[in-house]
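To start, the structure under review is shown below, and the notes come after it.
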Amino acid sequence: RSSTGVLDVLWDRPFDTAFTRAGALAVSAGGDFVAAGFADNAFWHSERKYSTTVYAGKDGAELVRLPLDGSEGMAISPDGKLLAIAETSREKSGTVRCVVHIHSTSTGSRLASLVHDRVRPGSLQLLRAGFVYHGVQFTSDGRYLVTSTHATKVWELSADLGTAPAVAQGPNPSVPDP
């Protein structure tokens, strides 16, 4: 452990050498969970390597590793049970889909996927298609998830979200449009 005299480092975890940069970071309200996204610097999204890892806040033990890019933003619910990860992907038509995946922090299971928006090709696509770091947050009571790109949406979370069967599976799920 190192110390600055004012702050002590409780733990640190270097990221996997396959990755060249850290992305987004999320911490649960009580500090019991920490999530970090890592990626390489490949220019094309389809060639990028990425991972999001959930750590125990007290000792840094790795709890879950997900094959998702957290660089668009992520949030942990106040009770620490849910991890929301924002992601954009380009469809064959050129439309960009802005999706939020909700996972269990204890098992990594995908519990739900929400399509925030679909942005068609055009001159404003680059400006409108992205969550920009803080575009996904849980409310302090954990009852709502707020997502934002060029529009903001508030989603009411089902009380049984943590016990419901997964809506979509795999790294590139087929998520129905709302």
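Quick note: the coordinates plus some simple rules give every number you see, no bench work behind them. All values reported here derive from a predicted model rather than from experimental measurement.
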Fill in the blank from the handout: The ³J(HN,Hα) series, computed from each phi in the stretch 26-35 with the Karplus coefficients 6.51, -1.76 and 1.60 at θ = phi - 60°, rounded to the nearest Hz and given as x for glycine or proline, is 9, 9, 5, 4, x, x, 6, 10, 10, 10
Exercise for the section: Any chance you could list the semi-axes, whole Å, largest first, of the equivalent ellipsoid that the Cα gyration tensor gives for the stretch 65-126, using √(5λ)? Expected result: 26, 11, 9
Handout entry: Stretch gain in nm, segment Lys92-Leu10, where the contour uses 0.36 nm per residue and the Cα spacing is subtracted
Key = 25.0 nm
